[in-house]
Amino acid sequence: MAGGSTTTVGHSYPRMEGRAKVTGRAEYIYNMRLPSMLHAKVHRSPISHGRILSIDTSEASAMPGVHHVITGEDVKKVLPEPYYGPAFHDQPILALDKVRHFGEPVAVVLATDPHIAETAAQRIVVDYEELPAVFDEVEALTSDVIVHEELKPAGTFADLKHLAGKRDTNIALDYHLQHGDADKAFADAEHVFEHTFRTQQTMHTPFEPMVALADVRNDHATVYSSTQGPSFVRFELARLLGWPESNVRIKTAHLGGGFGAKVYVKVEALAMALSLIAHRPVRVALTMEEQFYTITKHPSTFRIQSAVDKDGKVIGRKCEVWWNGGAYADIGPRVTQKSGFTAAGPYDIDNVAIDSYALYTNRPPAGALRGFGIPQLVWAYESHTDIIARELGIDPIAFRKQNILRNGRPQAVGTIVKDGEFEAVLDGVAERMNWNRPFDKGSGTKLRGRGVGLGFKASISPTTSSAIVSVNADGSCIVYCSTVDMGQGSDTAMAQIASEVLDIPIEKIRVVNPDTDVTPYDMSTLGSRSTFHMGHAVRLAAGDARDKLHAMAEEVGMPEGSNAPLPELFIRKFGMRAGAIVGSANYIPEFSPPNYDTGQSTNATPFWMIGATGAEVEVDTETGQLTILRLVNVCDIGTPINPIVVETQISGAAVMQLGFTLTENMVIENGQLTNPSLADYKIPGFFDMPDTMENGYIDAVQENGPFGAKGAGESGTFGVSPAIANAIDDAVGVRISEMPITAEAVFRALREKQGKPLEEN
Amino acid sequence: MSPFELSEPQTLQDAVAMLDASDTGIRPIAGGTAVMLMMKTGIFQPDRLISLRGIESRYSEVSVDDAGDLHIGAMTPLRRLEKSEEAAQAAPVIRRALRRLSNVRVRNVATLGGHLAHGDPHLDLPPVLIALGARALIVGASGERVIEIEDLFRGYLETALAPDELIAEVVVPAQGTRRATYMKHTTRSADDWPALGIAVSLELNGDEVGSARVAIGAATDTPRRLKSVEAALAGKALADETMQAAGDAAAAEAEVHSDARGSAAYKRELIRVFTRRAVRQIMEMGTGGAV
């Protein structure tokens, strides 16, 4: 299906919503108000772990303008099992008996005036018995501090069916992979290397914070939410209410960013419960600050070991990865598994052992964030790979190419790689960086270096997308799908696909905002799955409509291949401009579940996402300050549906990862988050951009993808962090193994190397 | 953020009259960039804000008097000061420092008076103005007084201003042949508050330093002069050893603490490096008049 000439697909159409956004006319849920609604403000736990002894709401309730003060016990009266979560039903709508992380919602004030609600929320008094807390993922593995007394698997997803209920452990999921015989490889090795790398806790920072407005009346609930996954939210709210899904309606609009923060249930269950209790519409709108307490990116520790033979071939790799999932599992177990099986890197290694653990701690929950655990892994395996190359005296790119995974070879999970252009992506970076030409290493106190990083990701599988395409009697067309456009340009891509299949100009195509009463099921907008999965569903639905149009043309006696305009066809059939032709389709790719003991699967993913970054940096040796002179990002995204959107996706992903690499860090001291605001949690600004940045993709075709395409939303994140660390090593000979890479960390490493370590304070 | 009353006096005198030294719930607001952050986080919950935006326009003007002194109205937005040719002529270091002060959105609304009266040590202009020998004209219920900028800062978010006093104007004396520079270092994003700001102003006699004024900001509790550095420079040849000595003196004199922007040990090294670099930069400016 790939290749051939296309008229709409493959062209850089401007984004359908672009004009409305830049002129301030686009609709966002955060700006929405409902008649007679109440504003909710959350009272949050100031401690990380403790038993709730009592909650005194009297002063808050007495404030004029306060309608309700609601606690977890109040929620329990209307929803007997008020726990939610995609992997475990472990997260209470409001805390019950215990709090497990600072910032956890404990009670809510409802008022007509949000300022009154906020003031009253501060007047709620909670008495806690504080318990010891655990914050570090490695400690959590053996800690006496148990975050959850009992684990309750949700059993929702096909790929997480094996989750078991366990007692007295912080391990939400352990994933193990055995490929070949790693122990034997290490025994046979000429060289053995071992390193440990760590990453910090960060946050998605969507500029439209999480928001939900719920209106529960009689036996029907409508929730307006800035969510990436309306179908899942419907499923979960219906489950909590014990209602059919047809009685729960989730509506979205354009999202002001998502990045994985808005997948699964975030504030929707709370808004629904509050409306159920108050019998009025309720708006739960988080502030930027509150998002830090809601969902984050996993901190991680990764111990990686390699066995290398005398020729520089990596013959064995052992990976132990600990994922800090925070107090509630969210989708962390899937991160542990899906990302876990690529932990040995994009290399053809015969003997691999992987142990990957999702751990509960007393931090805010961690979930999906652009890359779904992959950037944490690439940080480790590409730093490690670079160190090996340098120690063996082999050029870092030559060493990678010697070991690289190629099509037709099995990845460690046991799946034969197809349409995975690892080497071409690496070559693409090397070429743009003029890797084989001499490089100016700088002089004096300004030294320069360069480095690369190559990473990859399997798509989440198996997941389903459904779509409906309706052709109107005037020849225009409406696409109904639950893919959420959160800035990634999916509406434009889906319109292009429908336009291509139906030969209807894109200007006449409308893509409906997801509304679960209107748009059919989609697993969620996450993991760069939409172009592939929903792209297929829309392609098939449009094909279904096209076939029906052909049949109708035949029925009304139009000659085959007639180019009569569509309105004429409808008039011939219905006698006037009337009727609609509706096509529909479900799409689910093939999948083989992994064996629990070995982790092996013959078909673990419908496609591989591949991204590499090359960085040129300059280090000020007197301060450790880093300048990114050049950042080159090259990905394998198959054949693009919309080239310009793909390029901006790659650059956006790389810049986001640049922030996680250099500046972003949730600092926790004495069990408190010290910087929950953009004043002190620093995302990159314009002056932090690399002096030069190039983003591109290689010529490639994903044979089983819609028009040769595959996902492109995350690949730009993969290689950024290790490319920078490797470039620093190249420049000044020091190795940073913990993110973020601050100027002080570089300076301290330089002083260490000079034998003059800087004192702690 | 809690609701509050907003008063909008049309004259400076009226604004001063609305302030009440005994009521901490009443505070002035100029650009609001700092106050609004404090209100958002709940650190500060005013009953009434006295907006200074409506006061006489002369408090938003920049001019040079016959003596060559630069007068900057306290309500002058930082962006206007950055664009001011008068200021750039009188003391080019002001414009250069402003270009990297926070971001243009903040500079468009933040005012010089607010920038100083806030008393946050992590701001850029206090060390610059101290090095330039600037003074502030202060208006209060009991009349006017003049205070050297170096005497304005008393502690973290504490100034010599009484609660019912306002800064009306800042005066930068004519710089003659002195040359000044400002170096800042941010350790997180580029537009972060600085971890360190160093301002150096030198009078050069040929290849020798005549007199020096050196001020530090951000790394210390308050912006302040570093007198041991000034002593290490005065009368010395403009040579590598002098710059080195100035850097070492700065690192030894400045009292620094660890915070989110860096450890104290790291900041001491930054002070050493940037003091040296600042002096070198002035030397490399050549002898072509005031810069």
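Brief remarks on what is shown
- Applying a threshold of 6 Å to beta carbon distances and a minimum spacing of six or more residues, or different chains, the list of pairs starting in segment A:53-67 at a residue that is touching a residue at least 40 places away in the same chain (Cβ under 8 Å) and of a type in the set (A, V, I, L, M) and ending at one that is buried (at least 18 other Cβ atoms within 10 Å of the Cβ) and not in a strand (DSSP E or B) reads A:Ala60/A:Ala120; A:Ala60/A:Arg123; A:Ala60/A:Ile124; A:Met63/A:Ala120; A:Val66/A:Ala120.
- Being in contact with a strand residue (DSSP E or B) (Cβ under 9 Å, 6 or more places away or on another chain) and closer than 17 Å to A:Val646 by Cβ holds for only one residue in A:Gly543, A:Gly489, A:Gly535, and it is A:Gly535.
- Residue among A:Glu703, A:Glu738, A:Glu714 that is within 22 Å of B:Arg188 (Cβ to Cβ) and in contact with a Lys or Arg (Cβ under 9 Å, 6 or more places away or on another chain): A:Glu738
- Hits in segment A:706-758 (condition: among the charged types (D, E, K, R) and in a loop (DSSP other than H, G, I, E, B)): A:Lys710, A:Glu714, A:Arg735, A:Lys756
Yes/no matrix, rows are residues, columns are (1) within 14 Å of another protein chain (Cβ to nearest Cβ); (2) within 30 Å of A:Pro640 (Cβ to Cβ); (3) aromatic (Phe, Trp, Tyr):
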position	(1), (2), (3)
A:Pro684	yes, yes, no
A:Glu694	no, yes, no
A:Glu703	no, yes, no
A:Gly711	no, yes, no
A:Phe718	no, yes, yes
A:Val734	no, no, no
A:Ser737	no, no, no
A:Arg748	yes, no, no
A:Lys753	no, no, no
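- Tally, over segment A:669-693, of residues that are of a type in the set (Val, Ile, Thr) and either assigned to a helix (DSSP H, G or I) or more than 21 Å from the chain's Cα centre (by Cα) (or both): 2
- Checking each residue in segment A:601-616 for being in a strand (DSSP E or B) and among the β-branched types (Val, Ile, Thr) picks out A:Ile610, A:Thr613.
- Candidates A:Ile637, A:Ile683, A:Ile644 - the one that is modelled with pLDDT of 95 or more and crowded, with 21+ Cβ neighbours inside 10 Å: A:Ile637
- Wholly within segment B:175-272, strands (runs of 3 or more DSSP E) carrying at least 3 residues that are within 13 Å of chain A (Cβ to nearest Cβ): B:179-185
- Within segment A:167-218, the set of residues being modelled with pLDDT under 95 and in contact with a helix residue (DSSP H, G or I) (Cβ under 6 Å, 6 or more places away or on another chain) comprises A:Asn170, A:Ala172, A:Leu173, A:Tyr175, A:Leu177.
- Among residues of segment A:49-75, those that are assigned to a strand (DSSP E or B) and of a type in the set (A, V, I, L, M, F, W, C), counted: 6
- Residue match in segment A:389-407 (condition: outside the structural domain of A:Phe102 (by TED's automatic domain parsing) and in contact with a Cys (Cβ under 8 Å, 6 or more places away or on another chain)): no
Results for (1) aromatic (Phe, Trp, Tyr); (2) assigned to a loop (DSSP other than H, G, I, E, B); (3) in the same structural domain as B:Ala199 (by TED's automatic domain parsing); (4) under 23 Å from B:Thr177 (Cβ atoms), shown as yes or no for each residue.
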site	(1), (2), (3), (4)
B:Val16	no, no, no, no
B:Pro28	no, no, no, no
B:Ala34	no, no, no, no
B:Met38	no, no, no, no
B:Pro46	no, yes, no, no
B:Ser63	no, no, no, yes
B:Gly68	no, yes, no, yes
B:Ala97	no, no, no, yes
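- Residue in segment A:661-668 that is surrounded by 18 or more Cβ atoms within 10 Å (Cβ to Cβ), away from chain B (no Cβ under 14 Å) and in a loop (DSSP other than H, G, I, E, B) present: no
- Selection count where residues are within 14 Å of another protein chain (Cβ to nearest Cβ) and in a helix (DSSP H, G or I), scope segment A:623-660: 5
- Residue in segment B:38-52 that is among the acidic types (Asp, Glu) and within 14 Å of chain A (Cβ to nearest Cβ) present: yes
Listed here are the residues, each with its yes/no results for (1) within 14 Å of chain A (Cβ to nearest Cβ); (2) within 24 Å of the chain's Cα centre (by Cα); (3) touching a residue at least 24 places away in the same chain (Cβ under 8 Å); (4) within 18 Å of B:Ile138 (Cα to Cα).
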position	(1), (2), (3), (4)
B:Pro3	yes, no, no, no
B:Pro9	no, no, yes, yes
B:Ala17	no, no, yes, yes
B:Pro28	no, yes, yes, yes
B:Thr33	yes, yes, yes, no
B:Ser57	no, yes, no, yes
B:Val62	no, yes, yes, yes
B:Asp65	no, yes, no, no
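The values are calculated or read from the model by the stated rules, or taken from the named source; none is laboratory data. Note that this is a predicted model, so its numbers are computed, not measured. Please note: Cβ atoms are built from the backbone with ideal geometry, for glycine as well, and neighbour counts cover all protein chains shown.
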